Structures are given as C-alpha cells and as structure tokens.
1. Take segment 11-63 and flag every residue that is assigned to a loop (DSSP other than H, G, I, E, B), farther than 17 Å from LYS78 by Cα and of a type in the set (Asp, Glu).
2. Restricting segment 64-74 to residues that are outside any helix (DSSP H, G or I), of a type outside the set (Val, Ile, Thr) and over 9 Å from the mean Cα position of the chain (by Cα), which is nearest to ILE11 (Cα to Cα)?
3. Residues in segment 75-99 that are at pLDDT below 95 and not in a loop (DSSP other than H, G, I, E, B): how many?
4. So ILE61 clears everything in (1) in contact with a His (Cβ under 6 Å, 6 or more places away or on another chain); (2) in contact (Cβ under 8 Å) with a residue 40 or more places away in the chain; (3) closer than 15 Å to ILE11 by Cβ except one condition, right? Which one?
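The values are calculated or read from the model by the stated rules, or taken from the named source; none is laboratory data. Everything numeric here is computed off the predicted structure, so don't read it as measured data. Positions of Cβ are backbone-derived with ideal geometry, glycine not excepted, and every protein chain shown enters the neighbour counts.
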Amino acid sequence: MPKSKKQHGAILEHGMRDPEHPDVKKLQGLLLDHGFDVDGERGFGLKTRTQVIAFQLVNRIKANGVVGLHTWNALYEKPTKAKKDKVQSKVRPPSSKVPKKVES
C-alpha cells in the first residue's frame, strides 16, 4: 500500500514560534511520542531542530531539520519499540560512553 501524500501540518523550520505556527506544538508532541524529547522548548528552537534531525536520521529521511511532507508522514506513523531503542542509542549515549570529568 503506497504511503499517503497528505501534508499533516505546515512546513516548519528553526526559528518559528508557537503563536505564529501552532503546528510547532503538534510537532513537539509527536517527537516526544517517538522518543525525542525537546525538554519543554517553546517554539522551534535549537533543541527541536536537533531532535528533528535525529528523527529524520533514524527514519532515513533527508536530515535537514525542516519538517515537510516526508517528516510529517513519518511522525504520524505509530512508533515501534525497535525505533525507540534506536533513538535512545543515537540521542542519549549510554553512561559508559560519556567521558568522565577530569578534576584539576
């Protein structure tokens, strides 16, 4: 069955704010559903852009940080456990790989 060509929201990019682009809140909620936390950011700031790019990479979409047709369609797909596990390994590295702070 071919993927839907429906555009679920406006084309979004870094710098857009909630009052002007209400789809930003929708985007952030969908990112969270897929395991990408924007940590309460208001508007389409750096955290949201970083998580959009990570989402695009995991879903094999052109990773440009712009939310267009392909990104919206992927966001509306049901998140799978395998993808959430992949997200955790890409977005939040295991504590064993985090460099330890060196005291001076």
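1. Of everything in segment 11-63, those that are assigned to a loop (DSSP other than H, G, I, E, B), farther than 17 Å from LYS78 by Cα and of a type in the set (Asp, Glu) turn out to be GLU13, ASP18, GLU20, ASP39, GLU41.
2. Looking only at segment 64-74, we keep the residues that are outside any helix (DSSP H, G or I), and these are 64-68.
The next check asks that each one be of a type outside the set (Val, Ile, Thr); those that pass are 64-65, 68.
Then keep just the ones that are over 9 Å from the mean Cα position of the chain (by Cα); that gives 64, 68.
On the way: ASN64: 12, GLY68: 5 Å.
Among those residues, the one meeting the criterion is GLY68.
3. First, the residues of segment 75-99 that are at pLDDT below 95: 76-99.
From what is left, the residues that are not in a loop (DSSP other than H, G, I, E, B) are 81-91, 95-97.
Going through segment 75-99 one residue at a time, the tally reaches 14.
4. (2)
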